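The structure appears right after this line, and notes come after that.
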Amino acid sequence: MHDIKRYLVPVSLEEAVRAAAEGDATLLAGGTDLMPQTRTGARSFSPTLINLKRVPGLRGVSRENGNIRLGALTTVTDVLNDVLLREAAPVLPETADHFASDQVRNSATIGGNICNASPAGDMIIPLLLLDAVVELASWNGEAVETRSMPLEEFFVGPGRTKRQPGEILTAVRFPVPGEGFIARFVKFGTRPALDISVVSIGVAGVKENGTLRRVRMAFGAVAPVPVRGRTTEAAVEGRPLTAETIRQASEATQEDISPISDVRASAWYRRELVRTLTTRILNDVSTS
Ligand SMILES: Cc1cc2nc3c(=O)[nH]c(=O)nc-3n(C[C@H](O)[C@H](O)[C@H](O)COP(=O)(O)OP(=O)(O)OC[C@H]3O[C@@H](n4cnc5c(N)ncnc54)[C@H](O)[C@@H]3O)c2cc1C
């Protein structure tokens, strides 16, 4: 069924990155993407399988130096129930609430959702709204080395990221949102929660006197990677959130997306959904 020759369960980050540096390894977190993909033959295991679950310090949410940090092994259930996130960035628990089922949420990790790099990865959308940065660790031959990059730049294409062989995603962090920050996430699937998104949309910004500033829009499942909607953002930035602004923004979405037709929906339907959901989500923001 598979060609796994070695199964490793490292108990420190150093042990994990040293093992990953030897090459030809598959990293396992919750397995909710990896196991179905290997079972269907969509991908195969490398000779070494490294289970990250026992690496200390990779799970949990913390506040550090004005940032909120989610360890890569933080599960979707952890996000849903986290008190700090509920207070400081409720869009993350709200998104977790629309993610799969309890059973999947208990295993699925934030790091896995990001590294799987699906254009439809739900947790990526609120993280783009929050200007998140990913942290990657590797073994440089003598010590553990880390680097960071904006989440927006991390994705290269469906299933492909800028993570180098041997690198482990250790965390994702974002600045603690300031006063007046609001964010919303909406997902359309054939079922409300148990399905992969046909389209997902996020909006965020600071609301002041009926306008939205520092606007962030993000779209899932409508481009090769989850994308920020910069044309849409410009159509909303600093303008009164009137029906006309919302209409123009909904039209502007069409510049930001490049959907394809697949088993879930046609490209035409996805475009219509993005228009409709953007109108809905901006109306919600304007009245909240
Ligand atoms: C029934 C079902 C429903 C689902 N519903 C949803 C949904 O509603 N929304 C959604 O977005 N997704 C959904 N998914 C997909 C999946 O649950 C998520 O993408 C999940 O977050 C993956 O996390 P994981 O820990 O299980 O990753 P894994 O399967 O363990 O790993 C996924 C990929 O990331 C790599 N990886 C994992 N962790 C790291 C790390 N720390 N560093 C480097 N590489 C790493 C692995 O090598 C692998 O390539 C669903 C899956 C199933 C089976």
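Bear in mind these aren't lab numbers, they're just calculated from the coordinates by the rules spelled out. Source: prediction; values computed, not measured. Ideal geometry is used to build each Cβ from the backbone, glycine not excepted, and the neighbour counts take in all protein chains shown.
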Counted charge near Asp78, where neighbours are those whose Cβ lies closer than 10 Å (Asp, Glu -1; Lys, Arg +1): +1
Rh (Kirkwood; distinct C-alpha pairs) - the stretch 61-175, Å: 14.3
D (Stokes-Einstein, µm²/s), Kirkwood Cα radius, the stretch 10-105, 1.567 mPa s at 4 °C: 86
Charge dipole of the chain about the Cα centre (unit charges at C-beta), most positive-ward option of Thr38, Trp139, Leu73: Thr38
Given charges at beta-carbon only (K, R positive; D, E negative), |dipole| of the stretch 31-108 in Debye: 380
Most fluctuating residue given options Val11, Val215, Val199, as computed from a GNM of the chain linking Cα atoms under 10 Å: Val11
Fraction in percent of alpha-carbon pairs per bin - 5 Å, the stretch 6-51: 5, 23, 30, 22, 14, 6, 1
Per-residue Cβ neighbour rank within 10 angstrom, fewest leading, Asp102, Asp131, Asp78, Asp122: Asp102, Asp131, Asp78, Asp122
Equivalent ellipsoid semi-axes, the chain, via Cα gyration tensor eigenvalues times 5, rooted, Å: 34, 21, 16
Within the chain, longest stretch free of exposed GluC sites (Glu not before Pro) [DSSP loop, at most 15 other beta carbons within 10 Å]: 23-141
Nearby aspartates and glutamates by direct alpha-carbon distance to Lys53 (threshold 17 angstrom, same-chain neighbours under 8 apart not counted): Glu14, Glu15, Asp33, Asp78, Glu167
Calculated [θ] (222 nm, deg cm²/dmol) that DSSP helices of n ≥ 4 give over the chain, each run adding -39,500 (n - 2.57): -9500 deg cm²/dmol
